[in-house]
Amino acid sequence: MQRVNLSAASEFVFVGLSDAPEIRLLLFVLFLLIYLATMAGNITLLVAISTDSHLHSPMYFFLGNLSLLDLLCPTITVPKMLGALLLEHKEISFSDCLFQHFSLIAVVGTEIFILAVMAYDRYVAVCHPLRYPSIMSMTLCAQLALGTWATGLLNSLLHTSLVFTLSFCGPNRIQQYYCDIPPMLALSCSSTHSRELVILVVAGVLGSGTCMVTVVSYICILLEILARKSPGIWHKAFSTCGSHLAVVCLFYGTTICTYVRPSSTYSPHWDRVVSMLYGMLTPLLNPIIYSLRNKEVKCALKRVISHVRRAL
């Protein structure tokens, strides 16, 4: 098999979901509906947070960042997948693949950091309620948000440079519906051991660090609840933290299964299923989870809907 350098390759071919012609139209309709519902849910949540003065607090500021990330994540991958399903346009150029890879890793990485920051915010709200306004000032919130986005971009730049300087053997057929780390490493015919080790170490350090912040925050919250022994604090803490904890478990579980493991365990069919969870279902479920578990968000959404009805 002839070795082809990536810089000379003009395009790649997706052979993920579009290789099942008998259910292609059904998949197109299903994923289109999921994508439209995801866009509608997150845009509505963003409008509610930005227009309702009751939601102008650090918690909802970070939730707005999460909703923005949930808008970007499926937008990076789903339109191309829909085109492959409906029009059988499976090719993607080298530059588009690189941009898609960089954008997706940046969004996923930033979301991990945002979830850790949100856990710290909940810790301050429950354990230091009187000092919460002074600790979580808007200046600190802006710095934390800017730091998470910058770290996500730098992390993606590192991973993209490691993956897109490999050599590949033709035909360049990607066993996935977008350009991601595992299928690109599996596609390479050059040695990926050292780069894979760097990717695992970086992902492990950043992932374990953010996970540690989240776990420690919730341990402190639990200890604070047990120490107060107040009947009403359990309900208040659960309503405050339950939504975020559900989102954290869903997102961390799927991303760890995808990225924190060696490429020798890569399975195209399993990875496509897992990538659907964090790439499409998680952005769809996040606004639903926060809306169902949070009275303030539900009231804000009702006010937005009533304003829209009056405008129409």
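The values are calculated or read from the model by the stated rules, or taken from the named source; none is laboratory data. Computed from a predicted model, the values in this text were never measured in an experiment. Glycine gets a Cβ as well: all are built from the backbone with ideal geometry, and neighbour counts include every protein chain shown. When the accessible area is computed, the model is the full protein with side chains, heavy atoms only, and any ligands, DNA or RNA have been set aside. Shrake-Rupley method; radii C 1.70, N 1.55, O 1.52, S 1.80 Å.
The portion of the accessible surface of segment 78-183 made up by carbon and sulfur, rounded to a whole percent, is 69 (1.4 Å probe; DNA, RNA and ligands excluded).
The slack between residue 43 and residue 309, meaning 0.36 nm per residue of separation minus the straight C-alpha distance, is 94.1 nm.
Model label points for residue 139 and residue 276, set 7 angstrom from Cα along the Cα-to-Cβ axis, are 4.9 nm apart. Rolling a 1.4 Å probe across all protein chains gives residue 173 an accessible area of roughly 110 Å². Going by accessible surface with a 1.4 Å probe and the largest first, 95, 137 read 95, 137.
Counting 0.36 nm for each residue step from residue 190 to residue 208 and taking away their Cα separation leaves a gain of 3.6 nm. With all protein chains in place and ligands, DNA and RNA left out, the 1.4 Å accessible area ranks 304, 201 as 201, 304, largest first. At an R0 of 30 angstrom, the distance between the Cβ atoms of residue 86 and residue 173 translates into a FRET efficiency of 0.90. Take each peptide in 182-195, 22-35, count the other Cβ atoms within 10 Å of every residue, and average; sorted highest first, the result is 182-195, 22-35. Computed with a 1.4 Å probe over protein heavy atoms only, the accessible surface of segment 149-229 comes to 46 Å² per residue.
Close amide H pairs (under 5 Å, H built 1.01 Å from N) link residue 11 with 94, residues at least 5 positions away or on another chain. Placing dummy labels 7 Å off each Cα toward the beta-carbon, the span from residue 161 to residue 227 is 4.4 nm.
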